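What follows is one structure encoded as structure tokens, with my remarks underneath.
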Amino acid sequence: MTLSPADLLLYAGALLVLFLTPGPVWVALIARTLSGGFNGAWPLALGVVIGDVLWPLVAIFGLTWLVSLYGGILQAISWVACVMFIAMGVLLIRHADKTIASDSRLTKPGMWAGFIAGLAVILGNPKAVLFYMGMLPGFFDLTAVTGYDIAAICTLSFIVPLIGNLTLALFIGKARALLTSPTALKRTNIIAGFLLIGVGLIIPFA
């Protein structure tokens, strides 16, 4: 294994910051928990896991193929990752008071329906693979990763959001207040925005 604990810790921190940014998974998870309790939420969290593992794999192997064609591309992409995090942070701060709309199709009752809803939320956004393609080279040297490294990256990619999603479901009362309170939502978005900018500034020196 070539990745250091510091590399993995920084990546886990970035995943945590991204989880703390409200989005479609938050909305679907909260809606399902409100309608069916924790038993209605955990299948959705497991569905999300599939995409959380798939997208990094697609990005890693896609980038490995690109490097075989264009040797210097990873250095350029690492700067793309830096710019991407900073841009995401700035946009989040600028639109901190923007509310999140829910999709009622994701709240159909039943464990299987919950699993499919989680899968739809995470796979329904093709920009996710572009995000990972821009982010991973900023944290790791993908020309040197081993099978164990890839396993560690994928494990972190689903463990951090999974723990966050299950914790969110357990404390759904507070999460509901967050989504219905414009002031709390704005504060959360501003904090997450600055954290994303911080991650972007760290990447070039990591």
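The values are calculated or read from the model by the stated rules, or taken from the named source; none is laboratory data. Keep in mind the model is a prediction, meaning the values are calculated, not measured. Because the Cβ atoms are built from the backbone with ideal geometry, glycine has one as well, and the counts that use them run over all protein chains shown. Protein only, heavy atoms only, side chains kept; ligands, DNA and RNA dropped before computing areas. Shrake-Rupley method; radii C 1.70, N 1.55, O 1.52, S 1.80 Å.
What the table below lists for this structure:
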item: Listed residues 7, 149 arranged by accessible area, highest first, probe 1.4 Å; result: 7, 149
item: Environment charge of residue 150, counting only residues whose C-beta is closer than 15 Å and scoring Lys/Arg +1, Asp/Glu -1; result: -4
